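To start, the structure itself, in structure tokens.
The values are calculated or read from the model by the stated rules, or taken from the named source; none is laboratory data. In this text, all values refer to a predicted model and were calculated from it rather than measured experimentally. Every residue, glycine as well, gets a Cβ built from its backbone with ideal geometry; the counts of neighbours run over all protein chains shown.
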Amino acid sequence: MKRIVALLLACLTLLSILACAPKAEPAAPAAQADKPATAAEPAKEPEPKTEPEKEPEVVAEPAKESEPAAEPAKEPENNGVVVNTVILKEADDSMKNTYAVLAVNQEAPFVDADGNAVSDVALNTAGADALYKWLNSKEALDAAAAYGVEEFGSNLFYVLENISVYDGEIAPATEGTKKIRLSTTTSVNDSGLLGKILPMFESKYGYEVEIYSAGTGKAIANAKMGNADIILVHAKKQEDAFVEAGFARVVEGFAAERTPFLYNFFVLCGPSQDPAKVAEAATVLDAFKLIADGKFTFISRGDGSGTHTKELSLWPSELGITAEADSFAAYTDWYTSANAGMGACLVMAEQMGAYILTDKATFLSFVANDGVI
């Protein structure tokens, strides 16, 4: 019995030892915990951590912040921001401004700058005919009428009513007829009209149009010297004189030497403060009288242009202002004859806070470009 009891005690002792042995298993769980640290759960934890770190790099939020930062740079482009000159008088019946095209006659009595006869003039009549016809085509008239709506929010030119639209053939350019010399007024050039529509003609028919831009008087004088194949101007009296002197010819398909096709309006502009109160005048004639009576600064083209010619017709007759310098010599404290193009004169008016007569097309372009022509 004692042996049996001793054997049982030995077994119990062994069992107790074995029971104590599992207590060493915490090392095993600890080892298992260490393994997940490098494998399962801890490995997954750094992954979500790295994803948010990468997200800001992919989204590139700093780059997006720099894009709106560029918007302020566009603010100076806002129309009219730096221009204080405004339209004060317009839509007056006496301020309609009509443009006409005339082809130069090869047999005209050409003269040089000194008035001496010139006999060796060579004109590109075929090229002139092509441009003349195209300017009076539906394609050109539609393009001219649409010009300004998108760029400036307003029509700058209008097509005359009841005109004959040319729908005949237009000859493409050849090597000998490729270059066309156009002598024209600054208003259709400074306003951007020619830059908009002429590329259409050139690309379609293969011509190259060389533009000489000046006041109507100078543009016509340039043609009288044989330096132009065609003219586009806006002073009817001067155009009629050009025709009567034999410098123009009738283009096939048209009824007369002079073909009016577009118009817009002259506008009287000045500083927004309007010290002469011309905006309150009943008519543009009354407005010009207020400027003269108050001796407010006025910028005149003074270059024999269509705009200059129109301006001279608007002053009170008792002032006696004409194109002659002596006629306004007593008014030079307020009347400035610039002898310059429309764009340059608008810049002068803006700088001097002066009144000025201009075609509306060039003025709107001037304002849209923040006073730059």
Report task. Go through (1) closer than 28 Å to THR177 by Cα; (2) under 23 Å from the mean Cα position of the chain (by Cα); (3) not hydroxyl-bearing (Ser, Thr, Tyr) one by one and return the number of the condition GLY127 breaks. Result -> (2)
Query raised in the report: Of these, ALA287, ALA354, ALA349, which one is of a type in the set (Gly, Ala, Ser) and in contact with a Lys or Arg (Cβ under 6 Å, 6 or more places away or on another chain)?
Result: ALA287
Query raised in the report: Within region 194-245, which residues are within 14 Å of GLY127 (Cβ to Cβ), out of contact with any Lys or Arg (no Cβ under 6 Å at 6 or more places or on another chain) and among the small types (Gly, Ala, Ser)?
Result: GLY206
Query raised in the report: Counting only residues that are polar (S, T, N, Q) and under 30 Å from SER272 (Cα atoms), which one in region 84-123 is surrounded by the fewest Cβ atoms within 10 Å (Cβ to Cβ)?
Result: SER94
Query raised in the report: Quick one: which of ALA340, ALA329 is of a type outside the set (Phe, Trp, Tyr), assigned by TED's automatic domain parsing to the domain that holds VAL86 and part of a helix (DSSP H, G or I)?
Result: ALA329
Query raised in the report: Do you know which residues across region 159-170 are modelled with pLDDT of 95 or more and out of contact with any Lys or Arg (no Cβ under 9 Å at 6 or more places or on another chain)?
Result: VAL159, LEU160
Report task. May I ask you to verify whether TRP315 is crowded, with 19+ Cβ neighbours inside 10 Å, under 19 Å from GLY270 (Cβ atoms) and not basic (Lys, Arg)? Result -> yes
Report task. Can you confirm whether region 133-151 contains a residue that is more than 15 Å from TYR212 (Cα to Cα), charged (D, E, K, R) and modelled with pLDDT under 95? Result -> yes
Query raised in the report: Which residue, of VAL278, VAL250, is β-branched (Val, Ile, Thr), buried (at least 19 other Cβ atoms within 10 Å of the Cβ) and modelled with pLDDT of 95 or more?
Result: VAL278
Query raised in the report: Going by the conditions given, is PHE254 under 24 Å from SER137 (Cβ atoms), part of a loop (DSSP other than H, G, I, E, B) and of a type in the set (A, V, I, L, M, F, W, C)?
Result: yes
Requested in this report: Pick out, from region 142-242, the strands (runs of 3 or more DSSP E) lying fully within it that include 2 or more residues that are on the phi < 0 side of the Ramachandran plot and of a type in the set (Gly, Ala, Ser).
Outcome: 208-214
Query raised in the report: Consider GLY217 against the criteria (1) in the same structural domain as VAL121 (by TED's automatic domain parsing); (2) under 30 Å from the mean Cα position of the chain (by Cα); (3) modelled with pLDDT of 95 or more: it satisfies all of them except one. Which criterion is unmet?
Result: (3)
Query raised in the report: So is GLY206 in the same structural domain as ASP190 (by TED's automatic domain parsing) and either surrounded by fewer than 16 Cβ atoms within 10 Å (Cβ to Cβ) or modelled with pLDDT under 95 (or both) or not?
Result: yes
Query raised in the report: Do any residues in region 146-169 that are within 18 Å of TYR132 (Cα to Cα) have Cβ atoms under 8 Å from those of residues that are of a type in the set (Gly, Ala, Ser) and surrounded by fewer than 11 Cβ atoms within 10 Å (Cβ to Cβ), where the two are at least six apart or on different chains, and which pairs are they?
Result: SER164/ALA255
**Report entry** Test: THR307 is in the same structural domain as MET342 (by TED's automatic domain parsing) and crowded, with 22+ Cβ neighbours inside 10 Å
**Finding:** yes
